[in-house]
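Colleague: The structure's right below; bear with me while I get my questions together.
Just so it is clear, none of the values below were taken in a lab; they were calculated from the coordinates. Here the structure is a predicted model, which is why all the values come from computation and not from measurement. With ideal geometry, Cβ positions are generated from the backbone for all residues, glycine too; neighbour counts draw on all protein chains shown.
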Amino acid sequence: MEHSYNYQARAQFHRSDRSFVELEHATPRVLDFVAPPEFGGEPGMWTPEHFLLAAVASCFIETFKSVARASKADFQGIEVNVEGLIEKDGKALRFTRVTIRPTLILFHQADRPIGERLLAKTEQVCLVARSLNSNLVLEPKILIEEPVNA
């Protein structure tokens, strides 16, 4: 049996769309779940490990939206990829590292500094991420997509 495993989840919100979470592979909208394939489960299904990472990704987005609203900051969208590393820690497996990779999409280059501050604040107050007993790593990226004037 291997001693480390990686799982991923992704969530996104765009002004013109709704918020949603997806995994690294296609899954149905019904939330059937099984153990991961590495532990005897069926591939292509939700697992408790994916639920945890999806909770981090979706909480990060909702927290960011709240922080941005409180700061009266405008943004086009945010996408969050979360990767969790499970390793043997002593005698048991556990999530030892959770890497949060938010991509913030702004309308203007001049908004980059506020975007950086909002992402840092979100990392500090995201309830689900802050509740984990894992090493949290934030790897933010900011994209600028200037609005097209019609």
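Colleague: GNM on the chain, C-alpha springs below 10 Å: top fluctuator among 129, 70, 11?
Modeller: 70
Colleague: Tell me, 87, 79 in order of fewest to most beta-carbon neighbours within 10 Å?
Modeller: 87, 79
Colleague: Contour minus end-to-end for residue 32 and residue 114, with contour as 0.36 nm per residue of separation and end-to-end as the Cα-Cα distance?
Modeller: Result for the pair: 25.5 nm of gain on full extension.
Colleague: Also, I was wondering about something else. Given R₀ = 35 Å, FRET efficiency for residue 131-residue 74 by Cβ-Cβ distance, to 0.05?
Modeller: Efficiency for this residue pair is about 0.75.
Colleague: What residue among 7, 52, 138 has its Cα farthest toward the positive end of the dipole of the chain, where the charges are +1 on Lys, Arg and -1 on Asp, Glu, each on the Cβ?
Modeller: My answer, from the dipole projection, is 138.
Colleague: Also: Calculate the FRET efficiency for residue 4 and residue 121 from the Cβ-Cβ distance with a Förster distance of 25 Å, rounded to the nearest 0.05.
Modeller: 0.20
Colleague: Something else about it: Using only Cα atoms and rounding to the nearest 10 degrees, what angle (0 to 90) does helix 48-70 make with the longest principal axis of the chain?
Modeller: Helix 48-70 and the main axis of the chain meet at about 20 degrees.
Colleague: Something else about it: Quick check for the chain: number of Lys pairs with alpha-carbon distance under 25 Å, counting only pairs 8 or more apart or on different chains?
Modeller: Close lysine pairs under the 25 Å cut-off: 5.
Colleague: Continuing with this model, one more query. What percent antiparallel are the DSSP beta bridges of the chain, to the nearest 5?
Modeller: The antiparallel fraction comes to roughly 75 percent.
Colleague: Provide 95, 39 in ascending order of the number of other Cβ atoms located within 10 Å of each residue's Cβ, fewest first.
Modeller: Numbers: 95 20, 39 12.
Exposure proxy ranking, most exposed first: 39, 95.
Colleague: Tell me, what HN-Hα J-couplings in whole Hz come from the Karplus equation 6.51 cos²θ - 1.76 cosθ + 1.60 at θ = phi - 60° for each residue of the range 111-121, using x for Gly and Pro?
Modeller: Going residue by residue, I get 8, 4, x, 5, x, 4, 5, 5, 5, 5, 5 Hz, with x marking Gly and Pro.
Colleague: If the chain were replaced by its equivalent ellipsoid, with semi-axes equal to the square roots of 5 times the Cα gyration tensor eigenvalues, what would those be, largest first, whole Å?
Modeller: Ellipsoid half-lengths, sorted descending, are 31, 18, 12 Å.
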